[in-house]
Amino acid sequence: MTAAQTIIRFDAAALQNFAQLLLQAAGMPADRASDVADILVEGNLLGHDTHGLQLLPTYLAEIEAGGMTLAGEPLVLADHGAVLAWDGRRLPGPWLTLRAIDEASRRARTYGAGIVNIRRSHHIAALAPYARRVGEAGLVLMLLTSAPAAGSVAPFGGTRGLFSPSPIGVGIPTGGDPMMVDVSTSITTNGLTGRLAREGRKLPGAWLIDEHGVATDDPAVLVPPRAGTILPLGGIDAGHKGYGLALMVEALTAGLAGQGRSDPGARWGGTVFVQVIDPQAFNGRDAFEEQMDWIARACENNPPARSGEPVRLPGQRGLALRQQALQTGVPLSAGIVATLSTWARKLGVAMPDGIASAG
């Protein structure tokens, strides 16, 4: 294990306060900084470390460069009761997405479903934290996002990057913990491949292709002057499935937003589709949970393919990691801590003390 891979643990509340103070020191209003910090730390708590505090230095750099709008509200482009369209004006993505979920949830309670489509949001981080919140509220969430400025995933059969990893997030309420789906339409993410490339490490499988279409596990093929791409979900053999899902995400995000990859001068950020559904408007929440609880038990009781590795529900491992991290500390790699420390010194914010480390 390299020094960058050394793990240091921090109290979750201390990390949230630290991240909020950094964002405030960079000029973000306190309420928005609190929401962004909360979603980033929650990403780490749920095990999505590439989309947790690893993103904070990039957000701070975006603020410094004027790439993120800090003040004002989203612009309403259309409002048709159950359907709302916003221009996000490059406002902080987690804050904007939480506002959209609140609005879609309110409309779902009235109409049975509520949709908010957002053009020109800033980056919204991991999707699982939003799925947990909506699922715990007894509502169903579908959250999609695409990044018009990113082109790291080739269409199936091609070799030139066109799509972003374009994740899909789903929150499903049950009689217990919610199910949380947070998957990319690509086989891996830019965050993971970038980190492994910096550390000189390989991927677990041949999840990429080089510029000649040859499958590889070496993330260095994505680093210029190389021109490799990430494979769609399904990989070299079944990537047509991820390709189809990527097109669906493009239609519901950029297509409905009327802003996306065809627009020149796109900057880092996203188009976002938020749909919240209230089961009560259909056959009632009790009936919904009865069905989902039966499915959950059937999945968990399914004979495991590997002895000692029972079938898990989506998000189950993340919730277990969250509970553990709240008790023993949030794990951060030494590399992430070093980058955060640089920004802490720059902005005059005290770095929280680590509570444990492991080599």
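Computed from the coordinates by the stated procedures, all read-outs in this text should not be read as laboratory data. As the structure is a prediction and not an experimental result, all values here were calculated from the model. We place every Cβ from the backbone using ideal geometry, glycine too, and count neighbours over all the protein chains shown.
Is the C-alpha gyration tensor of region 21-94 telling us rounded, prolate or oblate? Criteria: a/c under 1.5 is rounded; beyond that, a/b larger than b/c is prolate, otherwise oblate.
It comes out oblate by the Cα gyration axes.
Have a look at ILE236, ALA220, TRP268 and report the one farthest towards the positive end of the charge dipole of region 218-340, computed about the Cα centre with Cβ charges (Lys/Arg +1, Asp/Glu -1).
ALA220
Taking 0.36 nm per intervening residue step and subtracting the Cα-Cα distance, what contour gain separates THR342 from ALA82 on full extension?
89.1 nm
For the chain, set up a GNM with springs between Cα atoms under 10 Å and report which of TRP343, TRP95, TRP294 has the largest fluctuation.
TRP294
Among ARG345, ARG89, ARG120, what is the fewest-to-most ranking by other Cβ atoms within 10 Å?
Taking fewest neighbouring Cβ atoms as first place, the list is ARG345, ARG89, ARG120.
From Cα pairs below 8 angstrom and at least 6 apart in sequence, can you work out the relative contact order of the chain, rounded to a whole percent?
25 percent
With +1 on the Cβ of every Lys and Arg and -1 on the Cβ of every Asp and Glu, and nothing else charged, how large is the dipole of the chain about its Cα centre, in debye rounded to the nearest 20?
In debye, rounded to 20, the chain gives about 560.
Please give the contour-minus-distance gain from ARG297 to ALA350: 0.36 nm per residue of separation, less the Cα-Cα distance, rounded to one decimal in nm.
Result: 14.4 nm gained on full extension.
Provide the packing ranking of 297-304, 151-158, i.e. peptides ordered by the mean count of other C-beta atoms within 10 Å per residue, highest first.
Most protected by this proxy first, the peptides run 151-158, 297-304.
With each run of n ≥ 4 DSSP H residues scored as -39500 (n - 2.57), what mean residue ellipticity at 222 nm is computed for the chain after dividing by its residue count and rounding to the nearest 500 deg cm²/dmol?
-12000 deg cm²/dmol
From a point 7 Å beyond the Cα of ALA227 in the direction of its Cβ, which residues of region 133-162 have a backbone N at a distance under 15 Å?
Zone members listed by number: 151-155, 158-162.
Within a 10 angstrom radius of the beta carbon, how do SER34, SER262, SER307 rank from fewest other beta carbons to most?
SER307, SER262, SER34
For GLU64 and ASP31, what does the FRET efficiency come to when R0 = 30 Å and r is the distance between their Cβ atoms, rounded to the nearest 0.05?
The computed FRET efficiency comes out at 0.90.
Which net charge results for the neighbourhood of ARG120, defined as the other residues with beta-carbon distances under 12 angstrom from its beta-carbon, given Lys and Arg at +1 and Asp and Glu at -1?
Net charge around ARG120: +2.
Indicate the gyration tensor shape class of the chain (rounded, prolate or oblate), computed on the Cα atoms with a ≥ b ≥ c the square roots of the eigenvalues: a/c under 1.5 is rounded; otherwise a/b larger than b/c is prolate and the rest oblate.
Rounded is the answer for the chain, as its axis ratio a/c remains below 1.5.
Build a GNM of the chain with springs between Cα atoms under 10 Å: which of THR185, THR159, THR50 gets the top mean-square fluctuation?
THR159
By the gyration tensor of its Cα atoms, with a ≥ b ≥ c the square roots of the eigenvalues, what is the shape of region 99-144: rounded for a/c under 1.5, prolate for a/b over b/c, or oblate?
Oblate, since a/c reaches 1.5 and b/c is not below a/b.
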